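Peer 1: Structure provided below as structure tokens; questions to follow.
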Amino acid sequence: MIPLTEIAFGEVKISHRIGEKGKRGIIVLNISQKCPLKCIYCYSSSTIGGKELDKEGINIIVREIEKISPRLVIISGGEPLLYSHIDYLLQELSKRRVRIVISSNGMFINNENIKLLKNYNIDYVGVSLDIPSQEDSKIRIGSSFYKIVETIRILTHNSIETGIRMTLTWTSMYTIENMLKLCRKYDVHRLCIYHLVPSGRGLETYKKLKPPPEVETIFLIHLLKILREYRNIDVLTVTEPSDYIVISLLSSRSKKELEEKIERFSKRSRCNAGKSILSIYPDLSVYPCQFDNKNKLGDLRERSLTDLIHEEYEYCRGCKLWEYCRGCRLRLRDNIDEDCTLMALYRLVRTERVIVEDWKKRFLKETFEDVRKVDS
């Protein structure tokens, strides 16, 4: 995750409190593919009759989690609050003092099951919302904006740290300022903006929904400007590691400051799929991250998590900053032929559609001087 607010302004509200420093890695449990919503880009292709992790699977997972002691476990899906064994899973994880985050569609948290979340001291709940109005239901089919707002109220009223998870599409990008206003109004201190990935139902809708890199980069430039008014909100982007270099460059006043930011935020911002993050599906298949459900690493019935953690990356076309950001492993492996936001920024600057200081121009030119495709 790329901590935009912290990179640009050195301020952070809650991100450092999620998880525990000094421990390694994040485990994502896609415990269920059961969800009545029909989000048109859903990476797990969840449906109302989707598969679920059984109790035996829970026992296998918690034994593996004990071995590696991750700093955080993210419970995702499908919809975790519809999972048949959610109480048992939370109980077993809590026994092992695991810090827990829940990723929810926001439709099924209520005044009854909120007690379950409080009982197990859930660190944080991320609620999905792409558009801060009823228009949201056109993308997240079956959702209700008013119900999601009520869910946010319930969570914050019960002192559970709450964030909004927004997927960046042609439609949602134009609502960013209204989304930040909603965060401020309902005391939400974290907004995670996910670049669309070609996975699940997103394979079919990727090209239609995803703005091209130049447009996403202009979105970042606009976001950086308006964030000055919303510094009390942790804004992060996900699944486009180069965002952190773009924001570092745009917010730096000197090359020295830029180099310090690139070095400082690299470990937190670069793609760590398969190394410090792993994803487990209901059939106990293990993948490099929750969005990559095609490049299977192994099966927990046959191999241990410790054996499956490994480092393997595809290289971006000669970029001199690759070692810092490492690109998106899923896009690189699938040969998605598109530029990252950093290369898009170079194109925009080179054609004078974006104006920056001379030293920033030189930095971009030096970064991509070995990338022949830039000029094609």
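The values are calculated or read from the model by the stated rules, or taken from the named source; none is laboratory data. Keep in mind that what you see is a predicted model, and the values were worked out from it rather than measured. A quick note on method: Cβ atoms are made from the backbone with ideal geometry, for glycine too, and the neighbour counts reach across all protein chains shown. Quick note on the areas: whole protein, heavy atoms, side chains included, nothing else; ligands and nucleic acids left out. Shrake-Rupley method; radii C 1.70, N 1.55, O 1.52, S 1.80 Å.
Peer 1: Mind checking the full-extension length gain between Arg63 and Glu302? Use 0.36 nm per residue of separation minus the Cα-Cα distance, one decimal, nm.
Peer 2: Full extension of this stretch gives 84.7 nm more.
Peer 1: Another question, then. Ser276 to Val215: extension gain in nm, 0.36 nm per residue of separation minus the Cα-Cα distance?
Peer 2: Answer, rounded to one decimal: 18.9 nm.
Peer 1: Cut-off 10 angstrom, C-alpha nodes, Gaussian network model of the chain. Which of Asn105, Asn295, Asn232 fluctuates the most?
Peer 2: For the chain, modelled as a Gaussian network with Cα springs under 10 Å, the answer is Asn295.
Peer 1: Turning to a different aspect of this structure: How far is it, in nm, from the label point at Ile355 to the one at Glu150 when both lie 7 Å from their Cα along the line to the Cβ?
Peer 2: Output for this residue pair reads 5.1 nm.
Peer 1: Okay, moving on. For the pair Glu263 and Lys185, how long in nm is the line joining their label points, each one 7 Å along Cα→Cβ?
Peer 2: In this crude label model, Glu263 to Lys185 measures out at 4.5 nm.
Peer 1: Follow-up. Could you state the angle between the C-alpha long axis of helix 176-185 and the longest principal axis of the C-alpha atoms of the chain, as a value from 0 to 90 degrees rounded to the nearest 10?
Peer 2: 50
Peer 1: Going by alpha carbons, how many degrees (0 to 90, nearest 10) lie between the helix axis of 341-350 and the longest principal axis of the chain?
Peer 2: 20
Peer 1: Here's a follow-up. What figure in square angstrom, to the nearest 10, would you give for the accessible area of Lys225 with a 1.4 Å probe?
Peer 2: Estimated to the nearest 10 Å², Lys225 gives 140 Å².
Peer 1: Here's another thing I want to ask about it. Using alpha carbons only, how many degrees (0 to 90, rounded to 10) separate the axis of helix 213-226 from the longest principal axis of the chain?
Peer 2: Computed tilt is about 80 degrees.
Peer 1: In square angstrom, rounded to the nearest 10, how much accessible surface does Lys296 have for a 1.4 Å probe?
Peer 2: Taking all protein chains as shown, Lys296 has close to 110 Å².
Peer 1: Leaving ligands, DNA and RNA out of it, report the carbon-plus-sulfur percent of the accessible area of the chain at a 1.4 Å probe. Mind showing how you got there, number by number?
Peer 2: Values: 7710 of 16350 Å².
Whole-percent figure for carbon plus sulfur exposure: 47.
Peer 1: Would you work out which of Leu191, Tyr120, Tyr83 lies farthest towards the positive end of the dipole of the stretch 52-208, given +1 charges on the beta-carbon of Lys and Arg and -1 on that of Asp and Glu, about the Cα centre?
Peer 2: Leu191
Peer 1: Once you place label points 7 Å from the Cα toward the Cβ at Lys365 and Asn119, how far apart are they in nm?
Peer 2: 6.5
Peer 1: A follow-up question, please. Using amide H atoms built in the peptide plane, which far-off residues or other-chain residues are under 5 Å from Arg190 H to H?
Peer 2: Counting only residues 5 or more places away or on other chains, the set is Ile164, Asp234.
Peer 1: Here is a follow-up. Full-extension gain between Lys294 and Phe108, please, as 0.36 nm times their residue separation minus the C-alpha to C-alpha distance.
Peer 2: On the way: separation 186, 0.36 × 186 = 66.96 nm, distance 2.87 nm.
Extending this stretch completely gives an extra 64.1 nm.
Peer 1: Just the accessible area per residue of the chain, please: how many Å² with a 1.4 Å probe? Please report the intermediate quantities before stating the final value.
Peer 2: Details: 16350 Å² over 376 residues.
Computed with neighbouring chains in place, this is 43 Å² per residue.
Peer 1: So, R0 is 22 Å and r is the distance between the beta-carbons of Arg231 and Lys255; what FRET efficiency does that work out to, to 0.05?
Peer 2: Numbers: r = 25 Å, r/R0 = 1.13.
With a Förster radius of 22 Å, E is 0.35.
Peer 1: Please find, in a Gaussian network model of the chain (springs between Cα atoms separated by less than 10 Å), the residue of Ile218, Ile74, Ile31 whose mean-square fluctuation is greatest.
Peer 2: Looking only at Ile218, Ile74, Ile31, the biggest GNM fluctuation is shown by Ile218.
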